[in-house]
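Beneath this line is the structure, given in structure tokens, with notes to follow.
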Amino acid sequence: MSGCFISIEGMDGAGKTSVMSTLVQWISTQGHQVITTREPGGTPLAESLRELLLAPREECVDEDTELLLMVAARTQHVKTHIQPSLAAGQWVVSDRFFDASFAYQGGGRGMSNDRIATLHQWAIGDFAPDLTLLLDLPVALGKARVAGRGEEETRFELEKMAFFERVRIAYLARAASERHRIVIIDATQSPEAVQADVVRALQTHFARAVSELGQ
Ligand code: TMP
């Protein structure tokens, strides 16, 4: 039996890393093998594309070029890592997946959702996560949390506040149109409350999946 695919989305500072550990713990206690991965990245080639995409540069990066590189990395990741792992029965948890393209390239850069969807259909067909957790929080709070880490800023993090406001709106719009798959988690809560919401989402989603299988 093939494994399940879960993605975690949200802006930097939303707490994706600790949610990742909660997921791994929960999945392991259900008796499944689980691997974690990330986007852009997850394979040696896709990690090289990540470096190209995230490095700040003088040259203006065309939005189509940015999207094509994101989708090239994703295609390699899906076909050579995610799908084979799922077929081997492992569960896969990814720090970001295609909803990030609808949020950052769609919302942030203003590209049309149809263009993004068409490209994905061409590259990976109907492949999608079984469940996506969207960690939502106000942009200013996420920024403040990241500032405390003292990490070097990527090309995306150098964008203005208005860019991230559009990213947040696009994520929420996507969640509203994909309610069967995307669960919004209030990331302003305490880590314990976030963890409890994550576990509840897993129980609800996978209990439903099991009962649907039995019908
Ligand atoms: P992070 O995963 O370390 O946060 O960095 C990845 C950055 O890439 C983040 O700023 C969001 C951005 N991104 C996109 O713009 N589109 C995508 O499809 C993905 C996966 C990430």
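Tabulated values for the structure
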read-out: Cα gyration tensor, region 99-215 - rounded (a/c under 1.5), prolate or oblate; value: oblate
read-out: Carbon and sulfur %, accessible surface of the chain computed with the full protein complex present, 1.4 Å; value: 54 percent
read-out: Rounded Å value of the spacing that divides the Cα centres of region 117-179 and region 187-208; value: 19 Å
read-out: Of every Cα-Cα pair in region 5-214, the percent that sits beyond 24 Å; value: 40 percent
read-out: Calculated FRET efficiency for the pair residue 192/residue 140, C-beta based, R₀ 25 Å, to 0.05; value: 0.60
read-out: Computed E for residue 60/residue 173 - FRET, C-beta separation, R0 45 angstrom, nearest 0.05; value: 0.95
read-out: For region 11-17, 3J(HN,Hα) per residue [Karplus equation, 6.51 cos²θ - 1.76 cosθ + 1.60, θ = phi - 60°, Hz, x = Gly/Pro]; value: 7, 4, x, 7, x, 4, 5
read-out: Over the chain, relative contact order from alpha-carbon pairs under 8 Å, at least 6 apart, %; value: 32 percent
read-out: Solvent-accessible area per residue for region 5-214 (1.4 angstrom probe, square angstrom); value: 49 Å²
read-out: Eligible lysines near residue 143 by straight Cα distance, threshold 19 Å, same-chain separation 8 or greater; value: 16, 160
read-out: Long-range HN-HN contacts of residue 90 with modeled amide H, under 5 Å; value: 3
read-out: For residue 115, net neighbour charge (Lys/Arg +1, Asp/Glu -1) across residues whose Cβ lies under 14 Å away; value: -4
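The values are calculated or read from the model by the stated rules, or taken from the named source; none is laboratory data. Keep in mind the model is a prediction, meaning the values are calculated, not measured. Backbone-built Cβ (ideal geometry, glycine too); neighbour counts: all protein chains shown. We work out accessible area using only protein heavy atoms, side chains counted, and drop any ligands, DNA or RNA first. Shrake-Rupley method; radii C 1.70, N 1.55, O 1.52, S 1.80 Å.
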